[in-house]
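The next block holds one structure in the form of structure tokens; read it before the comments.
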Amino acid sequence: MQNMAIADNHMESVESGSKTIAVRVGYCSIKPGPLEIKSASGFWGASKVHVIAVERKSISSLSSVELVQSGFPSADAMVENLRPAHPCISTESEVTVISWKSA
């Protein structure tokens, strides 16, 4: 089964079903189908979901729902937060948007 790690502060939202989108910088090999989501620290138990869509787009074209579910109020805020790990990132950088539903 494919798997993905997310920040611990998002795991409760994944488990409750209120978080159904993850955005990854660059290319991500996740495909539609079963997915196990794990917490980055390993503190939380894994959640099983079903990926329904994987889409590539620029940060500037992310919807407000995609940004909010990723923890950012705007594309500019996302870029500023990710810049320490990705120095060349801009609002025109490509990301992978992974959408799922509870399994």
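The values are calculated or read from the model by the stated rules, or taken from the named source; none is laboratory data. Because the structure is predicted, anything quoted here is derived from the model rather than measured. Don't worry about glycine lacking a Cβ; one is built from the backbone with ideal geometry, like all the others, and counts go over all protein chains shown.
Observations, loosely collected:
- Test set (1) of a type in the set (G, A, S); (2) in a loop (DSSP other than H, G, I, E, B); (3) modelled with pLDDT of 95 or more - A5 fails condition number: (2)
Rundown of residues vs (1) more than 17 Å from A103 (Cα to Cα); (2) in contact (Cβ under 8 Å) with a residue 24 or more places away in the chain, yes/no style:
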site	(1), (2)
D8	yes, yes
V14	no, yes
I21	no, yes
I30	no, yes
G42	yes, no
A53	no, yes
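- Identity of the residue in region 18-54, of a type in the set (G, A, S), touching a helix residue (DSSP H, G or I) at 6+ places or on another chain (Cβ under 7 Å) and part of a loop (DSSP other than H, G, I, E, B), that ends up nearest to F72 (Cα to Cα): A40
- Lone qualifier among E80, E55 - being modelled with pLDDT of 95 or more, more than 27 Å from L35 (Cα to Cα) and of a type in the set (D, E, K, R): E80
- Subset of region 78-102 that is aliphatic (A, V, I, L, M) and more than 15 Å from the chain's Cα centre (by Cα) - its residue that is surrounded by the fewest Cβ atoms within 10 Å (Cβ to Cβ): A85
Per-residue answers, yes or no, for (1) out of contact with any Asp or Glu (no Cβ under 8 Å at 6 or more places or on another chain); (2) at pLDDT 95 or above:
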{"site": "S16", "(1), (2)": "yes, no"}
{"site": "W44", "(1), (2)": "no, no"}
{"site": "K48", "(1), (2)": "no, yes"}
{"site": "V68", "(1), (2)": "yes, no"}
{"site": "S74", "(1), (2)": "yes, yes"}
